[in-house]
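Down below is the structure, laid out as structure tokens.
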Amino acid sequence: MLRVIPIFALVACVVESPQPVAAPSDSALRFTCASGPVTDEFPVRVWRGTLDWEWTTGGGALHLVYDGRNPEQDFLEPAFLDAALDGPPSVYTDRIEGSGTGVSLDLDRDAGLGSAGLRTGTLTVDAVEVPLVCWTEDFVSPVQVDPLTGLCRGEAGEVGRISLPLPYVRETGFGQCVDFGTASLEEGDLTYPVWSGFDLRGADLSRASLFFAHIEEARFEGALLDGLEFGYATLTGSVDERTVVPSEGCSVEAGQLDCLR
């Protein structure tokens, strides 16, 4: 569930349910989608692509690519999925449910997020289920860094962080004010994936882990990094006086963090 997490509280606080979201002017909408890792084989692969959904008549179309890399960093031969989906007519705030030959999709909005522009659910291909995240081009996280104070604030001005799906962060590079919890940031991909140039300002990585992967040239201002478990990994990027850096394996010079472990 996507939720605002107050920094100064021990218990996560769920944002109040939003007002109904108005339907877009066009009844058809395009989502960018990315799956979590498919972990029944190695190397890890993911689905990426687009979903076009028609609200008034129901149904839509998936256009996805299934790819990954091997331990030698070579990209594997991709597979492609172009599937027509049948589904019931709906309104913009409804969940998306559709099925086609060998494919089904079930996506729902998070009532606490305040937007129908990001949805999470399940993609099933040939009886294999994987988590899927889809978002519209105009989706904006409701919790971001306040440029005046450097603190993470929600739309009502409350100080806090938010939980966003890892595939969304991985694909967009936007991890500002995200509480990553106990996530494995490499998502089981041990082929040294790289997060390059990511915006991790105000993020909490203190309980997360990173192995056989790199975060390079990121923005770590205000981020909590101490406690991050990492190995066979590097962290580089900009920091400020609010950044809590790892206690071992790191150096800071002229506002730049350099970690190797």
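How many of the residues in segment 193-228 are touching a residue at least 40 places away in the same chain (Cβ under 8 Å), closer than 20 Å to Glu253 by Cβ and hydrophobic (A, V, I, L, M, F, W, C)?
The total comes to 0.
Which residue pairs have Cβ atoms closer than 6 Å, lie 6 or more positions apart in sequence or on different chains, and pair a first residue in segment 56-68 that is of a type in the set (A, V, I, L, M, F, W, C) with a second residue that is not in a strand (DSSP E or B)?
Going by the 6 Å Cβ cut-off, the qualifying pairs are Val65/Pro78.
Could you count how many residues in segment 226-244 are closer than 16 Å to His214 by Cα and either out of contact with any strand residue (DSSP E or B) (no Cβ under 9 Å at 6 or more places or on another chain) or among the β-branched types (Val, Ile, Thr) (or both)?
Residues meeting the conditions: 2.
Within segment 83-96, is even one residue at pLDDT 85 or above and either β-branched (Val, Ile, Thr) or closer than 29 Å to Ile162 by Cα (or both)?
yes
Of the residues Leu151, Leu164, only one is closer than 14 Å to Gly202 by Cα, within 10 Å of the chain's Cα centre (by Cα) and in contact (Cβ under 8 Å) with a residue 40 or more places away in the chain; which?
Leu164
Given the residues Val130, Val143, which is the only one that is among the β-branched types (Val, Ile, Thr), in contact with an Asp or Glu (Cβ under 9 Å, 6 or more places away or on another chain) and on the phi < 0 side of the Ramachandran plot?
Answer to the check: Val143.
Counting only residues that are under 17 Å from Thr124 (Cβ atoms) and part of a loop (DSSP other than H, G, I, E, B), which one in segment 34-60 is modelled with the lowest pLDDT?
My answer is Asp40.
Within the group Gly98, Gly173, which residue is over 21 Å from Arg45 (Cα atoms) and among the small types (Gly, Ala, Ser)?
Answer to the check: Gly98.
Do any strands (runs of 3 or more DSSP E) lying entirely in segment 61-168 carry at least 3 residues that are surrounded by fewer than 15 Cβ atoms within 10 Å (Cβ to Cβ) and not polar (S, T, N, Q), and which ones are they?
So the answer is 79-85.
The values are calculated or read from the model by the stated rules, or taken from the named source; none is laboratory data. Keep in mind that what you see is a predicted model, and the values were worked out from it rather than measured. FYI the Cβ positions are ideal-geometry reconstructions off the backbone, even for glycines, and counts take in every protein chain you see.
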